[in-house]
Amino acid sequence: MSSEIRDISLAASGEKKIEWVKRNCDLLRMLEEEFSKTKPFEGKKIALSVHLEAKTAYLCKVLAAGGAKMYVTGSNPLSTQDDVAAALVAAGLNVYAWYNATAQEYEAHIRRVLEAGPNIIIDDGGDLVHMMHTEFTALIPDVIGGCEETTTGIIRLEAMNKAGKLKFPMVRVNNADCKHLFDNRYGTGQSVWDGINRTTNLIVAGKNVVVAGYGWCGKGVAMRAKGLGAKVFVTEVDPIKAIEAVMDGFEVLPMLEAARLGDFFVTVTGCDKVIDEEDFAVMKDGAILCNAGHFDCEIDMAALRKIAVESKEMRNNIMGYKLPGGQWIFVLAEGRLVNLAAGDGHPAEIMDMSFAIQALSAKYLVENAGKLETMLIDVPLEVDQDVAVRKLAFMGKEIDTLTEEQIAYLNS
């Protein structure tokens with residue numbers, strides 16, 4: 001076993017966090033029990049790069065219970081929790097990550113994970129897969145396949161596949177109904193506002209909130225902002241999503257117009273420079289900006305730092321920038337994922353579903369090694385349905401089932 005973490009003495013604190021998550025993750029507990037008996041990953045190495053906090057740590061322990069030798073790192077320098085990393089090392093896993101890593105340290109940690117020669121890759125954002133294809137091509141023949149957790153990573157995978165550069169099968173975990181319908185919408189919706197509220201200690205009711213992007217994550221953020229009493233404005237580039245936002249009761253307008261109105265701005269697009277220099281210039285004094293997309297490029301921080309005449313830390317995780325017009329605007333968590341860099345991420349019960357999909361998708365890859373003909377694979381319907389059925393049972397809910405007559409009618 002090897003590791004590169006900040007402080008092993010923090011392990012007890014991390015173990016408490018993981019135990020709390022375990023208590024609230026019924027699906028993963030069930031899988032841990034099953035995997036402990038069946039050992040689906042016996043003899044396999046799994047490289048994992050996901051936001052390294054307690055819920056991810058429990059997924060790692062579930063996979064390890066299934067016989068996997070785990071090599072773990074984070075997928076964002078500001079979302080790694082050092083006590084959780086220490087707890088995994090204390091449990092015998094190989095971990096390379098620490099909070100607030102430099103760009104060079106972050107890449108070095110990814111490199112250490114891949115040097116192990118993984119058979120399965122579990123990625124969040126595509127950094128593991130990208131480096132495997134650029135620096136570790138000699139190890140690709142040993143890779144059975146991988147799973148991608150988030151929208152941004154899938155966009156990268158689809159571009160690689162279209163260019164003919166993707167060399168092993170990848171399961172689009174984010175596209176599973178039991179992932180994006182709940183994780184992206186309800187998970188992001190709650191955790192983004194958890195991060196904003198704990199960081200700013202300001203009221204949302206009565207404020208103007210601008211949500212950039214109306215995908216599943218944007219829908220969740222907008223819905224929760226409305227529930228907190230805000231007036232919500234949505235910016236979009238997709239006309240269909242824009243109509244949906246209007247019919248959901250939100251104002252839709254271009255960013256430059258919204259920039260004049262917003263008190264809070266949340267970007268959730270997966271694109272870069274969604275809020276740029278032109279937008280900064282017309283913002284109110286005191287406007288608060290944050291990002292809930294995977295990479296820290298949605299708010300053009302380079303342009304903001306360039307035009308600012310003064311900058312200073314206003315509060316932990318809040319940096320203020322004074323613009324030439326005299327107004328101050330504030331950016332949370334350096335423009336990185338606000339729900340993880342300034343919070344604890346999605347609720348445990350939500351990640352229970354997402355990570356159950358991850359674990360079962362990894363098991364599917366092992367069971368079908370060498371048989372998969374396409375590089376991009378959707379989560380099998382039976383896996384999605386299995387997770388949904390189990391989750392409903394844990395929620396104490398029952399649903400109807402079709403009779404043979406009704407099945408025949410629907411198929412007629």
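The values are calculated or read from the model by the stated rules, or taken from the named source; none is laboratory data. What you see is a predicted model, and the numbers here were worked out from it, not measured in a lab. Don't worry about glycine lacking a Cβ; one is built from the backbone with ideal geometry, like all the others, and counts go over all protein chains shown. Remember, those area values only see protein heavy atoms, side chains included, never the ligands or the DNA or RNA. Shrake-Rupley method; radii C 1.70, N 1.55, O 1.52, S 1.80 Å.
For the set Ile140, Ile240, solvent exposure ranked by accessible area (probe 1.4 Å, protein chains only) runs largest to smallest as Ile240, Ile140. Across every direction, the projection of the convex hull enclosing the Cα atoms of the stretch 325-406 has a mean area of 11.7 nm².
Sorting the segments 367-373, 24-30 by their mean number of nearby beta carbons within 10 angstrom, highest to lowest, gives 24-30, 367-373.
Please work out the FRET efficiency for the pair Val309 and Leu202, using the Cβ-Cβ distance as r and a Förster radius of 35 Å; give the result to the nearest 0.05. Once the sixth-power term is evaluated, E becomes 0.90.
Keeping all protein chains in place and using 1.4 angstrom, which order do Asp400, Asp344, Asp183 fall into by accessible surface area, from largest down?
Numbers: Asp400 145, Asp344 75, Asp183 5 Å².
The residues order as Asp400, Asp344, Asp183, largest area first.
Express the carbon and sulfur contribution to the solvent-accessible surface of the stretch 183-314 as a percent, rounded to the nearest whole number, probe 1.4 angstrom. If you can, show how the numbers build up before the last one.
On the way: 3060 of 5910 Å².
The value for the stretch 183-314 is 52 percent carbon and sulfur by accessible area.
Ellipsoid semi-axes for the stretch 171-228, based on the Cα gyration tensor and the rule √(5λ), read 24, 11, 8 Å when sorted largest first. What is the Cα centroid distance between the stretch 15-43 and the stretch 102-173, reported in whole angstrom? After rounding, the separation between the Cα centres reads 25 Å.
Its alpha carbons give the chain an Rg and a Dmax of 21.7, 73 Å. Distances between every pair of Cα atoms in the stretch 32-111, grouped in 10 Å steps from 0 to the bin holding the largest one, split as 21, 51, 23, 5, 0 percent. Percent of alpha carbon pairs in the stretch 1-55 separated by more than 14 Å? In whole percent, the long-distance tail amounts to 70. Hull volume per residue, based on the alpha-carbon atoms of the stretch 100-139 and their convex hull, is 70 Å³.
Accessible area ranking (1.4 Å probe, heavy atoms, ligands and nucleic acids excluded), largest first, for Asp127, Asp352: Asp127, Asp352.
Extension gain, Tyr409 to Arg260, is 48.1 nm, computed as 0.36 nm per intervening residue step minus the present C-alpha separation.
To one decimal place, what Kirkwood hydrodynamic radius in Å is obtained for the stretch 7-164 from all pairs of distinct Cα atoms?
15.8 Å
Taking all protein chains as they are arranged and a probe of 1.4 Å, the heavy atoms of Lys44 leave approximately 50 Å² accessible to solvent. Diffusion of the stretch 122-235 by Stokes-Einstein, at 4 °C in a medium of 1.567 mPa s and with Rh set to the Kirkwood radius over alpha-carbon pairs, works out to 81 µm²/s. Over the C-alpha atoms of the stretch 133-178, the Rg to Rh ratio, Rh being the Kirkwood estimate, stands at 0.99.
Across all Cα atoms of the stretch 189-325, the radius of gyration (one decimal) and Dmax (whole number) stand at 14.0, 41 Å.
Can you give me the convex hull volume of the Cα atoms of the stretch 250-391, divided per residue and expressed in Å³?
It is 163 Å³ per residue.
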